[in-house]
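**Student:** Once you've had a glance at the structure underneath, I'll fire off some questions.
The values are calculated or read from the model by the stated rules, or taken from the named source; none is laboratory data. Being a predicted model, the structure only gives us computed values, none of them experimental. Backbone-built Cβ (ideal geometry, glycine too); neighbour counts: all protein chains shown. The accessibility values were calculated without ligands, DNA or RNA, using every heavy atom of the protein model including side chains. Shrake-Rupley method; radii C 1.70, N 1.55, O 1.52, S 1.80 Å.
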Amino acid sequence: MNKIYLLILLSLFLNCGTNNHLSESNKIVETTGEIALNFANTITENDLKTYLYIIASDEFEGRETGEPGQKKAAEYLKNFYQKNNISAPLGDNNYFQEIPTEHLKPNLNPSENVLSFIEGTEKPEEILVISAHYDHLGMENGEIYNGADDDGSGTVAIMEIAQAFKKASENGNGPKRSILFLHVTGEEKGLLGSKYYTNYPIFPLAKTVANLNIDMIGRVDDAHENNPNFVYLIGSDKLSTELHEISEEMNEKFTNLKLDYTYNDDNDPNRFYYRSDHYNFAKNNIPIIFYFNGTHQDYHEPSDTPDKINYELLAKRTKLIFYTAWEIANRQERIKVDK
C-alpha cells in the first residue's frame, strides 16, 4: 500500500509539473503573439499618412543632405521623439549624431543622423537597429523632389514602430533587448550616414544583433500591379538562416504578405543588396533584412508625392517589420550568424 501511495503521489507531482510547464509555454506564446498584436494595432494608416504628409511636404524642400530642408526634417524627428518620451541615446536630449563634412563629401555641408532609443529590460547591452534614410534629392530647376516613397515611407514606418514599442514599454512589455531607431542622412549621396554610424557606432557593433533597414515600402511596382499584397526582402538569408526563418514565421503568423526574393539573387543586375544603408551593417557581419517595394515611374522624380502612397499596404508592411523586431528583441537567445 505504501508503494502504491508513493506512486500516486509521484504521478500527481509529475502531472502538476507538466501542467506548470504548459502554462509557461502558453505564456511564452502569448508574449510573442497576442501582446505583440495589441501593440502592432497601434500602427495605423492615418498616423503614417499624417507623418508622411509632413516629412514629404514642400516645407522640407526635398531634404537634401546638409541643406535647410534636411535640417528641418531632423528637428521634426527630434520633436516627435521628445513628445513621445522616447529617449535620446546620446543623453541630454541629444538626438543628433553630428557628421562633419570630411566624413561626407567636400561639397556637402555638415549633417546629422537622428537617433532614438528604448533600453532593453533583460539584455540591454544587445542592440537591434531599425534604420531608414530621411534625406532625399532636394530641389532642381525650381522643382521639389519630395521623396514620399524614397524614403519618407521608411522614415514614418520607424516613427510608428518606435511609438508602438514605447507603448509596450509603458504597459510593462518593454523589449528584452535594446532597440536603436536610426534615421540616417546622406544615403542618396552614397550611404554616407550609415557608413559614419558603423565607423563611429554609438553602441558596439559586436553587440548589435541585427539591422532591419527600410527603404521604399509605400508603393506597388509594375510587377505586382495585379497582386499588390507583397514586399521585396533582400539579404535576410545572406548572413543568418535563423533571421530568415524568423522573418518567414512572423509573416505567416501575422501579415501574410507575399515575400518576394527576386532582388535577393546574387546575380540580380540591380544589385540592390549593395545600394541601401543595411549594407554598411552587413559588411560588419551583422545580419540584415532590407524591406523594399521596387522602383516605379516616380522613383527619383518630383512626382514621388504622398498622395500616391498606398497607406493600407504601408501599414501592413510596417507591422511585419514590427513583429520581426519584436521577435528578435524578445527571444531568449541572440540570433546566430551562419558560419
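**Student:** Using the eigenvalues of the Cα gyration tensor, what equivalent ellipsoid semi-axes result for segment 162-311 when each is taken as the square root of five times the eigenvalue, whole Å, largest first? Please list the in-between numbers first.
**Tutor:** Working: eigenvalues 121, 81, 62 Å².
After scaling each eigenvalue by five and taking roots: 25, 20, 18 Å.
**Student:** As a check on your grasp of the helix formula, calculate [θ] at 222 nm for the chain: sum -39500 (n - 2.57) over DSSP H runs of n ≥ 4, divide by the residue count, round to the nearest 500.
**Tutor:** -12000 deg cm²/dmol
**Student:** What's the whole-number percent of alpha carbon pairs in segment 32-188 lying beyond 19 angstrom? Mind dumping the intermediate values first?
**Tutor:** On the way: 6634 of 12246 pairs.
Percent of Cα pairs beyond 19 Å in segment 32-188: 54.
**Student:** Rounded to the nearest 10 degrees, what's the angle between the helix 241-250 long axis and the longest principal axis of the chain, both from Cα atoms, 0 to 90?
**Tutor:** Here the helix axis deviates by roughly 90 degrees.
**Student:** Okay, moving on. Are any of the pairs LYS49/LYS258; LYS71/LYS105; LYS166/LYS238 more than 19 Å apart by Cα-Cα distance, and if so, which? Walk me through the numbers before you get to the answer.
**Tutor:** On the way: LYS49/LYS258 23 Å; LYS71/LYS105 17 Å; LYS166/LYS238 30 Å.
Exceeds cut-off: LYS49/LYS258; LYS166/LYS238.
**Student:** Between GLN97, GLN297, GLN82, which gets the highest mean-square fluctuation from a Gaussian network model of the chain, Cα cutoff 10 Å?
**Tutor:** GLN297
**Student:** A further question on this structure: Using only the Cα atoms of segment 95-141, construct the convex hull and provide its projected area averaged over every direction, in square nanometres to one decimal. Please report the intermediate quantities before stating the final value.
**Tutor:** Details: hull surface 19.0 nm².
With the hull built on Cα positions only, its mean projection is 4.8 nm².
**Student:** Could you look at the chain and say what percent of its accessible area is carbon and sulfur, using a 1.4 Å probe and all protein chains?
**Tutor:** Values: 7140 of 15280 Å².
Carbon with sulfur: 47 percent of the solvent-accessible area.
**Student:** Tally the DSSP beta bridges in the chain and give the antiparallel ones as a percent, rounded to 5.
**Tutor:** Details: 15 of 36 bridges.
Restricted to the chain, the bridges split so that about 40 percent are antiparallel.
**Student:** Using per-residue counts of other Cβ atoms within 10 Å, averaged over each peptide, order 329-336, 123-130 from highest down. List each step's numbers first, then the result.
**Tutor:** Details: 329-336: 15.6, 123-130: 20.9.
Highest-to-lowest ranking by the protection proxy: 123-130, 329-336.
**Student:** For segment 132-247, what is the Kirkwood hydrodynamic radius in Å, using each pair of distinct C-alpha atoms? It would help to have the intermediate numbers written out before the result.
**Tutor:** Details: mean 1/r = 0.0605 Å⁻¹.
Hydrodynamic radius (Kirkwood, Cα only) of segment 132-247 equals 16.5 Å.
**Student:** Throw me the Rg/Rh for segment 46-127, computed over C-alpha atoms with Kirkwood Rh, two decimals.
**Tutor:** Numbers: Rg = 14.7 Å, Rh = 14.2 Å.
Over the Cα atoms of segment 46-127, Rg/Rh equals 1.03.
**Student:** Moving on. Mind telling me which of GLU327, GLU64, GLU301 comes out most flexible in a GNM of the chain, alpha-carbon contacts under 10 Å?
**Tutor:** Maximum among the listed residues: GLU301.
**Student:** If you average the sequence gap of Cα pairs under 8 Å that are 6 or more apart and divide by the length of segment 220-338, what percent do you get for the contact order? Before the final figure, lay out the partial values.
**Tutor:** Values: 127 pairs, mean separation 47.9, N = 119.
About 40 percent, as a whole number.
**Student:** If contacts are Cα pairs under 8 angstrom and at least 6 residues apart, what is the relative contact order of the chain in percent? Present the calculation step by step, with values, prior to reporting the outcome.
**Tutor:** Numbers: 625 pairs, mean separation 72.6, N = 339.
It rounds to 21 percent for the chain.
**Student:** At q = 0.15, 0.24 Å⁻¹, what is the base-10 log of I(q)/I(0) for segment 242-339 according to the Debye formula with one equal point scatterer per Cα and no solvent? Please give it to two decimals.
**Tutor:** Treating every Cα as an identical point scatterer, log10 I(q)/I(0) equals -0.76, -1.46.
**Student:** Kirkwood hydrodynamic radius for segment 93-184: how many Å is it when counted over pairs of different Cα atoms? Walk me through the numbers before you get to the answer.
**Tutor:** On the way: mean 1/r = 0.0669 Å⁻¹.
Radius from the Kirkwood sum: 15.0 Å.
**Student:** To continue, here is another question. Can you work out ³J(HN,Hα) from phi for every residue in segment 301-307, in order, using Karplus 6.51 cos²θ - 1.76 cosθ + 1.60 and θ = phi - 60°, giving whole Hz and x for Gly and Pro?
**Tutor:** Once rounded to whole Hz, the list reads 10, x, 7, 7, 10, x, 6.
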